[in-house]
1. For segment 194-206, give me each residue that is out of contact with any strand residue (DSSP E or B) (no Cβ under 6 Å at 6 or more places or on another chain), farther than 12 Å from residue 9 by Cβ and surrounded by 16 or more Cβ atoms within 10 Å (Cβ to Cβ).
2. Filtering segment 1-20 down to residues that are in contact with a Ser or Thr (Cβ under 8 Å, 6 or more places away or on another chain) and outside any strand (DSSP E or B), which residue is surrounded by the fewest Cβ atoms within 10 Å (Cβ to Cβ)?
3. Scan 120, 81 and give me the residue that is under 30 Å from residue 40 (Cα atoms), among the charged types (D, E, K, R) and assigned by TED's automatic domain parsing to the domain that holds residue 183.
4. How many residues are in a loop (DSSP other than H, G, I, E, B) and touching a residue at least 40 places away in the same chain (Cβ under 8 Å) when one looks only at segment 203-222?
5. Hey, does segment 62-83 have a residue that's in contact with a strand residue (DSSP E or B) (Cβ under 7 Å, 6 or more places away or on another chain), part of a helix (DSSP H, G or I), of a type in the set (D, E, K, R) and more than 23 Å from residue 230 (Cα to Cα)?
6. Can you name the number of the only condition in (1) in contact with a helix residue (DSSP H, G or I) (Cβ under 7 Å, 6 or more places away or on another chain); (2) in contact (Cβ under 8 Å) with a residue 60 or more places away in the chain; (3) over 24 Å from residue 141 (Cβ atoms) that residue 247 fails?
7. Given the criteria modelled with pLDDT under 95 and either touching a Cys at 6+ places or on another chain (Cβ under 7 Å) or of a type outside the set (A, V, I, L, M) (or both), does residue 182 qualify?
8. Output the residue which, of all residues in segment 59-96 that are small (Gly, Ala, Ser) and closer than 21 Å to residue 127 by Cβ, is surrounded by the most Cβ atoms within 10 Å (Cβ to Cβ).
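The values are calculated or read from the model by the stated rules, or taken from the named source; none is laboratory data. Given the structure is predicted, the values throughout are model-derived calculations rather than measurements. We place every Cβ from the backbone using ideal geometry, glycine too, and count neighbours over all the protein chains shown.
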Amino acid sequence: MFEELKERLTGPSYTIFTPFKDTEEQEVDYEVLEKYLNILYKRGARRFYAMAYNSRYSQMKHSEIMEFNEFCTKTLKKLDKDNVVIVGDPIHCSTQESLEFTLHAKDSGADLISLIVREKHFFDDQILEHYDYIGRKSDFALLVHEMPFLSGFNGKEMHWPSSLIARLPEIPQIAALKEDAKVLEVTLEALKLEPQIKVMIAGGGKERFRELMKHGATAWLNGISIIDAKIAEDFWTACLNKDTATQDFIINELEKPFFGGVVKKYGWHRTNKALLEAAGLMSRKDRMPLKHLSDSEFLEVQEIYSQISGAWEKFQKDEK
């Protein structure tokens with residue numbers, strides 16, 4: 001089921017970030033968002049993903065999330081009907097509301113919906129029944145957002161049991177899985193689902209993805225390429241062509257300075273928006289309770305961006 005769609009998920013996918021206006025209400029800035037989506041597309045992006053945390057769903061009302069999903073879908077499909085658009089459901093909600101978001105995504109023209117379960121885990125059937133119900137009722141392509149649960153028995157963080165991961169193919173509407181555990185043992189269990197379920201690697205950067213290609217990984221979610229989709233497109237081409245020089249340049253000169261520096265110091269979710277502001281793509285401001293980086297912290301991001309963009313510009317000139 002959804003075989004063509006699974007194949008189209010091969011390669012890099014791009015987070016859709018949410019820009020907010022610098023007003024007291026901090027409305028979603030759809031004008032800036034449209035420009036950002038256009039820039040990603042013009043630089044080669046064809047797979048787009050609105051999601052729980054990067055897209056700031058936790059800062060939006062459920063009605064806003066639905067409006068955001070529809071705007072992204074229609075904007076990207078207008079650009080190119082062949083763009084793959086993934087949207088998500090709220091971080092915390094009932095199965096019935098997840099179904100409502102799924103049906104809305106289907107009606108809006110999206111290709112998949114990313115479904116996250118943040119309720120406490122008690123047993124595997126609890127999670128499988130959630131996805132099975134939505135799949136049967138919607139007959140729409142589902143992407144499972146797999147990240148650590150909280151145990152319903154002791155409240156401690158726990159990874160998805162291998163028994164649960166192995167049973168996902170029982171639900172035919174599950175087309176893909178976002179592997180977000182960032183733990184090798186769990187990632188390798190998830191990759192056993194290929195090719196029945198397309199596995200998208202999240203976390204760890206391009207160096208980790210390159211290593212996981214040996215285990216069957218063919219899709220990943222981008223980090224540094226949020227400023228320029230061509231970085232990821234060139235990296236993927238280099239992977240296919242076994243061009244290790246280009247791979248190493250992107251990993252060592254573009255990715256590592258960012259993740260090993262300001263991301264390590266300030267955390268991904270605050271620093272990604274700061275990098276986008278440094279690149280002139282959107283404001284770093286976020287709605288509370290997530291606070292943006294201070295002016296002095298932002299200066300550090302600007303310095304890293306200047307280093308990265310300079311190296312990237314020189315590399316592209318040398319290629320020509």
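1. As a first pass, look at segment 194-206 and keep what is out of contact with any strand residue (DSSP E or B) (no Cβ under 6 Å at 6 or more places or on another chain): 194-196, 203-206.
If we keep only those that are farther than 12 Å from residue 9 by Cβ too, we end up with 196, 203-206.
Listed by number, the residues that qualify are 203, 204, 205, 206.
2. 10
3. Testing whether each residue is under 30 Å from residue 40 (Cα atoms), among the charged types (D, E, K, R) and assigned by TED's automatic domain parsing to the domain that holds residue 183 leaves just 81.
4. So in segment 203-222, the residues in a loop (DSSP other than H, G, I, E, B) come out as 203-204, 216-218, 222.
Among the residues that remain, those that are also touching a residue at least 40 places away in the same chain (Cβ under 8 Å) are: 218, 222.
Total satisfying the criteria: 2.
5. Yes, segment 62-83 contains at least one residue that is in contact with a strand residue (DSSP E or B) (Cβ under 7 Å, 6 or more places away or on another chain), part of a helix (DSSP H, G or I), of a type in the set (D, E, K, R) and more than 23 Å from residue 230 (Cα to Cα).
6. Condition (2) is where residue 247 drops out.
7. Judged against the criteria, residue 182 is a match.
8. So the residue we want is 88.
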